[in-house]
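The values are calculated or read from the model by the stated rules, or taken from the named source; none is laboratory data. From a predicted model like this one, the values you see are computed outputs, not experimental measurements. Here Cβ is always computed from backbone atoms with ideal geometry, including for glycine, and neighbour counts include all displayed protein chains. With ligands, DNA and RNA removed, areas are computed over all heavy atoms of the protein, side chains included. Shrake-Rupley method; radii C 1.70, N 1.55, O 1.52, S 1.80 Å.
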Amino acid sequence: MKNSIKSGKVMGAISLVALVGVALGILFAPKKGKSTRKKIAKGAKELAKESKLKMKKHANAVKDKAKEAGGIVEKKIHNLKDEVKPS
């Protein structure tokens, strides 16, 4: 669980850095303002879409791990109940 949270934070930081890099690159490119703003908007939308897909992927992985852990806990509880039953 900690790894998923940590990787989510890392992905967020990487996305932010990429967005800033794209914006700076476009701003300093020799283009007109209107064209530059369109490119920044397009790049931001693409990055947001990409980030959303990655976050969904990570969220699904966390859900899968939670289900797996729940199954393990249920088995342990069942086994413990069997051991504690009076003969």
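Which residue, Ile72, Ile40, Ile14, has the most motion in a Gaussian network model of the chain that connects Cα atoms within less than 10 Å? Greatest mean-square fluctuation among the candidates belongs to Ile72. With protein chains left intact and a 1.4 Å probe, residues in the stretch 1-68 average 85 Å² of accessible area per residue.
Its DSSP H runs of at least 4 residues, each contributing -39,500 (n - 2.57), put the calculated 222 nm mean residue ellipticity of the chain at -33000 deg cm²/dmol, to the nearest 500. Note on Lys49: lysines with a C-alpha under 19 Å away, same-chain residues under 8 apart excluded, are Lys9, Lys38, Lys39, Lys57.
For the chain, the dipole from Cβ point charges (+1 on Lys and Arg, -1 on Asp and Glu) about the Cα centre works out to 760 debye, to the nearest 20. Largest GNM mean-square fluctuation across Val17, Val73, Val62, computed for the chain with C-alpha springs under 10 Å, falls on Val73.
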